[in-house]
Amino acid sequence: MAESASGFGDGTRCVHGGHGDSRPGAPLAPGPVFAAPYHLGDPGADFYGRAGNPSWRALETAIGELDGGECVLLPSGMAAISTVLRALLRPGDGLLVPSDGYYATRQFVHEELAGLDLRVREVPTPGPWTDELFDGVRLVLLETPSNPGLDVCDIAELATRAHRAGALLAVDNTTATPLGQRPLELGADLSLASDTKALTGHSDVLLGHVSTADAELAARLRRARTLSGSIPGPFETWLAHRSLGTLDLRLARQAENAAALVEALRGHPAVRGLRWPGSPQDPAHEAARAQMRRWGGVFRFELADAAAVEEFVRRSSLVVAATSFGGLHSTVDRRAQWGDPVPPGFVRFSAGCEDRADLVSDVLAALG
Ligand SMILES: *Cc1c(COP(=O)(O)O)cnc(C)c1O
């Protein structure tokens, strides 16, 4: 497993990231700074809360180190996606987006950006990625592993092809988290995510971010944040930073639980279409292994129909229905109810941090 430039491992960096002030008397874990205006004086110092906040900078330092770039925090994953699209796209530009990725991204492009007359091409994550797709493209947005299908595409290869076409490449890195995958190291210009999911992992905060190794791009995104007023609250930021400390531990448990559940469900008569990139039998495993650093806890499968999923949730003592993932609690989401182009019995399962044996026996009992 690759180490950071600083030489520290994932767990160390999650615990220490952004906790810079070690002067005697400084808090070991600083609390949120709620200031709207600040005392004026030094140029470069904070002056107004929409433009800068010490709690943002602390978390941005931590996430930026993990991503390998400068991090710009935003109030949700959609705020991260919409800020990038609005900042980078001009009328008539070509845009590539995943046809099987997070549905609100496509909805945003078609509804909120309709006035830009973009030439939008939707591509399934596993391709085919034909050459014509890249003609006249300004921005390529990938999502790998995709949500909810958990398919994978080759970030490095597609970054090269996007750059050859004069386009920028962004990756929605939500399902992987910066511990699972570092798109910037693979050649992406931007790595963005909904930190509402595994990065914060406690189902109690919405947050997002964009990271880039290009200082000019980062400055542009910060300016867009200041001028749009789409800013994260200091309390949410602090809560997220507090949660980041255990990301390494949570991901390890979630991946261990996912592996055990996938193993238990493989060949189960009620289960079809089981997919988890961490499984050596998965069609996306080789591609995922080539660019990912570790696995997460999200897998998917199909039951017979919507009623079978409802029955499964009703009979389970531990698994709840909820439309998010990456949290402490194991959750299932029947994606067809939100309009994803998947069968009615399609389930995205997010393995939580419960005990493996409890989870496996509960899930098998609930399936009957
Ligand atoms: C949840 C999600 C988003 C949107 O994030 P919010 O924090 O809900 O705005 C974007 N992309 C992916 C892959 C997601 O799973």
Exercise for the section: Determine the pairs where a residue that is without any contact (Cβ under 8 Å) to a residue 24 or more places away in the chain, located within the range 182-198, has a partner that is of a type in the set (Val, Ile, Thr) and within 13 Å of the ligand (Cβ to nearest atom) with Cβ atoms under 7 Å apart, the partner being 6 or more residues away or on another chain. Expected result: none
Exercise for the section: Write out, first by first residue and then by second, each pair whose Cβ atoms fall under 7 Å of each other, whose residues are 6+ apart or on separate chains, and whose first residue, in the range 331-358, is in contact (Cβ under 8 Å) with a residue 24 or more places away in the chain and open to solvent by 10 Å² or more (accessible area, probe 1.4 Å) while the second is in a helix (DSSP H, G or I) and β-branched (Val, Ile, Thr). Expected result: Arg334/Val309
Handout entry: Options Leu74, Leu95: the member that is open to solvent by less than 10 Å² (accessible area, probe 1.4 Å) and in contact with a helix residue (DSSP H, G or I) (Cβ under 6 Å, 6 or more places away or on another chain)
Key = Leu74
Practice task
Consider Arg23 carefully, then state whether it is open to solvent by 20 Å² or more (accessible area, probe 1.4 Å) and either in contact with a Gly (Cβ under 9 Å, 6 or more places away or on another chain) or without any contact (Cβ under 8 Å) to a residue 12 or more places away in the chain (or both).
Solution key: yes
Exercise for the section: Answer with yes or no whether Leu318 is assigned to a loop (DSSP other than H, G, I, E, B) and either hydroxyl-bearing (Ser, Thr, Tyr) or open to solvent by 10 Å² or more (accessible area, probe 1.4 Å) (or both). Expected result: yes
Practice task
Considering every residue within the range 34-57, establish whether at least one is within 16 Å of the ligand (Cβ to nearest atom) and farther than 30 Å from Val342 by Cβ.
Solution key: no
Practice task
Pull up the range 101-110, narrow it to residues that are in a helix (DSSP H, G or I) and open to solvent by less than 10 Å² (accessible area, probe 1.4 Å), then point me to the one that is farthest from the ligand (Cβ to nearest atom).
Solution key: Val109
Practice task
Run down Thr160, Thr175 and say which single residue is open to solvent by 10 Å² or more (accessible area, probe 1.4 Å), more than 16 Å from Leu74 (Cβ to Cβ) and without any contact (Cβ under 8 Å) to a residue 40 or more places away in the chain.
Solution key: Thr160
Fill in the blank from the handout: Within the range 167-217, of all residues that are part of a strand (DSSP E or B) and farther than 19 Å from Asp151 by Cα, the one nearest to the ligand (Cβ to nearest atom) is Gly208
Handout entry: Subset of the range 111-131 that is within 16 Å of the ligand (Cβ to nearest atom) and assigned to a helix (DSSP H, G or I) - its residue that is surrounded by the most Cβ atoms within 10 Å (Cβ to Cβ)
Key = Glu112
Practice task
With respect to Phe325, determine if the residue is buried (at least 20 other Cβ atoms within 10 Å of the Cβ), outside any strand (DSSP E or B) and over 22 Å from the mean Cα position of the chain (by Cα).
Solution key: no
Handout entry: Residue in the range 234-243 that is modelled with pLDDT of 95 or more, assigned to a loop (DSSP other than H, G, I, E, B), closer than 18 Å to Arg57 by Cα and not assigned by TED's automatic domain parsing to the domain that holds Gly278 present
Key = no
Exercise for the section: Identify, from the list Pro178, Pro148, the residue that is under 19 Å from Val332 (Cα atoms) and touching an Asp or Glu at 6+ places or on another chain (Cβ under 7 Å). Expected result: Pro148
Exercise for the section: May I ask you to verify whether Ser211 is open to solvent by 20 Å² or more (accessible area, probe 1.4 Å) and touching a residue at least 24 places away in the same chain (Cβ under 8 Å)? Expected result: no
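The values are calculated or read from the model by the stated rules, or taken from the named source; none is laboratory data. Values in this document were obtained by computation on a predicted structure and should not be read as measured data. We place every Cβ from the backbone using ideal geometry, glycine too, and count neighbours over all the protein chains shown. Accessible surface is based on the protein model in full, side chains and every heavy atom, while ligands, DNA and RNA are left aside. Shrake-Rupley method; radii C 1.70, N 1.55, O 1.52, S 1.80 Å.
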